[in-house]
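The values are calculated or read from the model by the stated rules, or taken from the named source; none is laboratory data. Worth saying up front: this structure is predicted, and the values here are computed from it rather than measured. Here the Cβ positions follow ideal geometry from the backbone for every residue, glycine too, while neighbour counts run over all protein chains shown. Heads up: the accessible areas ignore ligands, DNA and RNA and are worked out on the full protein's heavy atoms, side chains in. Shrake-Rupley method; radii C 1.70, N 1.55, O 1.52, S 1.80 Å.
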Amino acid sequence: MAVRRRVVAAVVVAALVAGGVAIERAVPDPRPLLAASPAPAVAFLDRHGGTLRLAADRTGVRWLPADPDRLPPYLVAAVLAAEDRRFFAHRGVDPLALARAAWQDARARRVASGGSTLSMQLARLLDPRPRTPGAKLAQIALALRLESTCSKREILAAYLDRAPMGNRVVGFAAASRVYLGKPVGQLSPAEAALLAAVPRSPSAVNPWRRSERLVARRDAVLRRMARSGALDAATLRAALAEPVVLEDDPFRFAAPHFLARVGDELGELPADAATVATTLDPGLQRRVEEIARRQLDALAPHGVRHVAVAVLDLDSGEWLALEGSGGFTDAPGGQQDGTRVPRQPGSALKPFTYAAAFDRGLSPATVLDDLPRSFTWAGGTWTPRNYDGRFHGPLTARAALACSVNVPAALVLRAVSPEVLLDRLHLAGLTTLPRDASFYGLGLTLGAGEVRLDELTAAFAALLRGGEWREATAWRAVRDRDGALLRRPLPAPPRRVCSAEAAAQVVDILADPQARAPAFGAWSVLRLPFPAAVKTGTSEGFRDNWCVGGTDEVAVGVWAGNFDRAPMGNVSGVAGAGAVWREVMLAWAERAHPGEDPGGIARFAQPPGTMRAPVCALSGQRPSPWCPATTRELLRPEQVPQVACDWHRDPAAGGPTLALPARYRDWAARQGLVVAAAPARDGAAAGRLAVLAPADRDAFVLSPELPRRFQSLELRCEAPGAAGEVVWLVDGREHARVGPPFAARWQLEPGVHRFQVARGGSRSAAVEVTVYGSAP
């Protein structure tokens with residue numbers, strides 16, 4: 001019986017071969033069939049050449065062409081060992097293989113083996129038909145025609161192009177990218193054998209579901225490669241021991257928010273595009289995603305559901321990592337990209353206010369008033385409050401910016417003007433502030449508008465690199481299959497946001513942990529083991545919090561909040577975004593400076609036009625021998641103070657050692673400070689009565705929504721001498737008699753009003769105030 005089956009198998013083989021040879025000449029030229037192929041997939045690569053995504057065509061197929069002149073030797077050896085070890089010896093049909101297959105089919109009484117050569121398998125892929133003797137005959141005929149028309153290398157390349165690799169992946173080049181994240185030229189022997197094991201039964205050895213069966217087949221292919229002489233014993237042992245490391249399922253491709261940005265920046269790709277080199281650092285991206293998820297878990301009890309992170313290389317202007325939500329598939333609404341959503345920045349814009357002011361005469365040593373103050377604008381009266389609910393009296397610009405105090409920032413912006421700041425913000429690349437400056441008013445410096453995290457990070461990068469803004473990019477090059485360059489980014493020309501000196505002064509302040517210690521603590525999350533400038537921001541109602549900063553190499557921006565604008569549970573920029581910022585900065589340092597001493601990672605350069613000069617930490621003046629605390633301030637030569645400090649006095653002379661200007665007297669009294677009178681430096685002549693608040697020509701607006709008892713004005717004055725009473729006059733009539741510190745309150749009334757202060761036979765100059773609105 002067995003002999004009979006062998007005879008039948010031999011007869012069938014002879015008939016098939018004879019029939020195939022007879023009709024070979026009737027088969028048309030196969031080159032048109034070879035020319036027909038899917039549209040090549042475009043491979044999106046990270047900055048190191050690894051695959052981030054292989055984009056599918058419209059049918060969902062991922063395919064990349066194989067180059068017949070660049071077939072990797074290990075891959076060729078693996079495919080031949082798995083499919084057709086006598087490929088270079090036959091002419092398209094292997095009678096021995098067909099006879100063996102026919103015998104196996106006869107024994108099994110079903111189609112158990114096809115005995116197809118690579119040429120026959122390619123023929124079946126080019127002209128697929130049901131498995132019948134007639135189909136086998138047509139397959140043999142087309143294989144013979146291929147062999148007479150094409151070279152062996154061309155046939156092999158065409159098969160590698162079209163082999164079914166499962167999961168709608170076609171061809172070894174695409175499979176290498178999708179399953180292993182690398183081009184075929186970088187495959188190890190074990191990886192080449194693993195891919196070669198797939199086409200015979202893609203569903204049975206699905207790389208993402210059948211790992212044990214796939215490893216068994218891989219090992220069988222490796223042993224065949226060794227028997228054919230393609231691998232020596234040592235290479236075989238190493239290949240058998242190599243673990244299988246696969247890329248994730250492509251439907252969960254890496255860095256989805258980042259790749260969406262790349263697509264938006266690129267627009268329509270050239271028809272012959274094969275690869276897009278992006279700027280992403282994959283290791284850093286994974287760390288950023290891990291940090292965002294972990295911090296979201298910690299912040300969830302406080303009502304925080306989303307975190308966005310942007311990491312920008314300063315020198316190249318390239319995005320190194322981007323996370324838009326804290327979980328593309330996990331976070332609610334995770335597909336939304338929070339790096340591109342406009343939200344209120346809180347105090348995160350203050351550095352640009354101070355940079356503009358430093359270019360217009362203000363210096364880090366200038367003393368600013370943090371006292372109760374109301375400002376008028378188109379919408380009414382605005383009274384800034386600080387995060388800690390207190391006022392801090394006299395503050396240098398360094399202390400005011402480092403501690404993010406609000407009244408001084410409003411005073412600085414009033415001196416600079418909202419128009420100038422808005423222009424600077426536009427120069428820094430912020431595109432989401434479309435209204436004119438009068439709409440935002442002085443609140444612009446405290447977050448009255450809305451900004452995007454990516455744009456704010458790039459704007460902060462301008463300060464870190466010395467005041468120059470550069471357009472950020474997420475991709476480097478588009479190339480064709482031969483590696484020829486098709487496109488490069490064409491960024492906008494650089495723009496100067498502020499002078500190098502002003503930028504350095506702002507960065508120097510924001511990198512000073514001692515300056516921000518009164519507000520944030522000496523060892524808050526903002527303090528790193530290497531120098532870093534940082535600014536936080538929290539919007540009104542705790543709906544958004546921010547942390548933006550970096551070194552002279554990198555800028556990192558973080559936003560935390562909720563896409564639906566639901567408020568968080570009193571989460572500040574330090575507690576929320578600041579914790580994420582710290583971890584991301586440390587993760588960047590580990591990758592950018594592995595093994596280095598953190599203390600030497602970054603040192604901000606000092607511009608040639610600046611110098612370090614000693615100043616009194618309280619008055620900002622040239623230190624006297626009695627100043628208890630001094631600092632070395634970064635100043636331009638013309639900003640160096642020439643007047644010695646007259647706020648601190650010789651303790652040996654007796655009496656109070658602190659002499660503050662009169663405008664701080666009320667504040668000092670509330671703080672319990674004992675102060676002596678100091679020379680007037682705020683417009684009031686020494687030794688004369690003067691109204692300090694309100695200011696002349698101030699204007700106020702009555703609110704119809706607030707009870708009248710809550711709408712009052714604080715009256716403060718300069719009154720030489722610490723004893724006795726003064727009389728406050730409103731419109732020439734006595735309003736109040738008060739002793740030290742001579743303050744009173746007046747309930748707002750519509751109209752124009754004159755305020756004076758009197759004592760004995762002396763009266764101050766009148767201050768005129770307008771109150772708009774109507775009495776109830």
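Out of 176, 148, one residue alone is under 16 Å from residue 75 (Cα atoms) and either more than 53 Å from the chain's Cα centre (by Cα) or buried (at least 20 other Cβ atoms within 10 Å of the Cβ) (or both). It is 176. So which residues in segment 420-476 are more than 28 Å from residue 375 (Cα to Cα) and among the β-branched types (Val, Ile, Thr)? If the condition is that a residue be more than 28 Å from residue 375 (Cα to Cα) and among the β-branched types (Val, Ile, Thr), then 457, 473 are the ones that fit.
Residue by residue, here is whether (1) assigned to a helix (DSSP H, G or I); (2) of a type in the set (Phe, Trp, Tyr); (3) open to solvent by 30 Å² or more (accessible area, probe 1.4 Å) holds:
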position: 311; (1), (2), (3): no, no, no
position: 329; (1), (2), (3): no, no, yes
position: 350; (1), (2), (3): yes, no, no
position: 364; (1), (2), (3): no, no, no
position: 387; (1), (2), (3): no, yes, yes
position: 421; (1), (2), (3): yes, no, no
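For segment 200-210, the criterion of being of a type in the set (S, T, N, Q) and open to solvent by 40 Å² or more (accessible area, probe 1.4 Å) is met by at least one residue.
Somewhere in segment 650-666, is a residue open to solvent by 40 Å² or more (accessible area, probe 1.4 Å), at pLDDT 90 or above and among the aliphatic types (A, V, I, L, M)?
Initially, segment 650-666 is screened for residues open to solvent by 40 Å² or more (accessible area, probe 1.4 Å), giving 650-657, 663, 665.
Okay, now just the ones that are also at pLDDT 90 or above, so none.
No: zero hits.
Taking the stated definitions as given, is residue 231 over 30 Å from residue 453 (Cα atoms) and either assigned to a helix (DSSP H, G or I) or open to solvent by 60 Å² or more (accessible area, probe 1.4 Å) (or both)? Taking the combined requirement at face value, the residue does not satisfy it.
Scanning segment 61-82 for residues that are at pLDDT 85 or above and open to solvent by 30 Å² or more (accessible area, probe 1.4 Å) gives 73, 74. Taken over segment 751-765, the criterion of being open to solvent by 40 Å² or more (accessible area, probe 1.4 Å) and outside any strand (DSSP E or B) is satisfied by 760, 761, 765. The set of residues in segment 729-748 that are in a strand (DSSP E or B), at pLDDT below 90, farther than 11 Å from residue 714 by Cβ and open to solvent by 60 Å² or more (accessible area, probe 1.4 Å) contains only 747.
Conditions tested, residue by residue: (1) surrounded by fewer than 16 Cβ atoms within 10 Å (Cβ to Cβ); (2) touching a Lys or Arg at 6+ places or on another chain (Cβ under 9 Å); (3) closer than 15 Å to residue 334 by Cα; (4) among the charged types (D, E, K, R).
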site	(1), (2), (3), (4)
244	yes, yes, no, no
270	yes, yes, no, no
281	no, yes, no, yes
302	yes, no, no, no
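I'm trying to understand the selection: among the residues of segment 622-643, which are among the hydrophobic types (A, V, I, L, M, F, W, C) and either surrounded by 15 or more Cβ atoms within 10 Å (Cβ to Cβ) or under 38 Å from the mean Cα position of the chain (by Cα) (or both)?
626, 627, 634, 635, 640
Selection of segment 435-478 for residues being acidic (Asp, Glu), outside any strand (DSSP E or B) and surrounded by fewer than 20 Cβ atoms within 10 Å (Cβ to Cβ) yields 436, 450, 471. Looking only at residues of segment 34-60 that are in a loop (DSSP other than H, G, I, E, B), within 29 Å of the chain's Cα centre (by Cα) and of a type in the set (Gly, Ala, Ser), we find that the one that is surrounded by the fewest Cβ atoms within 10 Å (Cβ to Cβ) is 49.
The residue pairs whose first member lies in segment 446-466 and is over 11 Å from residue 348 (Cα atoms), whose second member is among the charged types (D, E, K, R) and part of a helix (DSSP H, G or I), and whose beta carbons are closer than 7 Å, counting only pairs six or more residues apart or on different chains, are 452/340; 454/340.
Residue 491 meets each of the listed conditions (1) closer than 20 Å to residue 457 by Cβ; (2) open to solvent by 10 Å² or more (accessible area, probe 1.4 Å); (3) modelled with pLDDT of 95 or more; (4) not β-branched (Val, Ile, Thr) apart from (3).
So that you can scan it fast, the table gives a plain yes or no per residue for (1) at pLDDT 95 or above; (2) closer than 23 Å to residue 248 by Cβ; (3) in contact with a helix residue (DSSP H, G or I) (Cβ under 9 Å, 6 or more places away or on another chain); (4) not polar (S, T, N, Q):
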residue	(1), (2), (3), (4)
279	yes, yes, yes, no
294	no, yes, yes, yes
301	no, no, no, yes
304	no, no, yes, yes
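Residue 619 meets each of the listed conditions (1) part of a loop (DSSP other than H, G, I, E, B); (2) open to solvent by 20 Å² or more (accessible area, probe 1.4 Å); (3) under 29 Å from residue 744 (Cα atoms) apart from (2).
Going residue by residue through segment 575-592, is there one that turns out to be at pLDDT below 90 and surrounded by fewer than 24 Cβ atoms within 10 Å (Cβ to Cβ)? Yes, some residue in segment 575-592 is at pLDDT below 90 and surrounded by fewer than 24 Cβ atoms within 10 Å (Cβ to Cβ).
Restricted to segment 172-209, and to residues there that are of a type in the set (Phe, Trp, Tyr) and part of a helix (DSSP H, G or I), the residue that is modelled with the highest pLDDT is 172.
Please determine, by comparing only the residues of segment 132-145 that are open to solvent by 30 Å² or more (accessible area, probe 1.4 Å) and touching a helix residue (DSSP H, G or I) at 6+ places or on another chain (Cβ under 9 Å), which one is farthest from residue 93 (Cα to Cα).
Selected residue: 133.
If the requirement is being at pLDDT 95 or above and either in a helix (DSSP H, G or I) or among the hydrophobic types (A, V, I, L, M, F, W, C) (or both), which of these qualifies: 265, 212?
265
I'm checking my understanding of the structure. Among residues of segment 766-776 that are modelled with pLDDT under 90, assigned to a strand (DSSP E or B) and aliphatic (A, V, I, L, M), which one is farthest from residue 711 (Cα to Cα)? Filtering first and then ranking leaves 769. Every listed requirement among (1) out of contact with any strand residue (DSSP E or B) (no Cβ under 7 Å at 6 or more places or on another chain); (2) not in a helix (DSSP H, G or I) is met by residue 395 save one, (1). Checking segment 270-286 against the condition returns no match, with no residue being closer than 24 Å to residue 39 by Cβ and assigned to a helix (DSSP H, G or I).
Could you check, for segment 192-199, whether at least one of its residues is more than 22 Å from residue 51 (Cβ to Cβ) and open to solvent by less than 30 Å² (accessible area, probe 1.4 Å)?
Scanning segment 192-199, I find no residue that is more than 22 Å from residue 51 (Cβ to Cβ) and open to solvent by less than 30 Å² (accessible area, probe 1.4 Å), so the answer is no.
When every residue of segment 544-558 is checked against the conditions, none turns out to be over 20 Å from residue 291 (Cβ atoms) and open to solvent by less than 20 Å² (accessible area, probe 1.4 Å).
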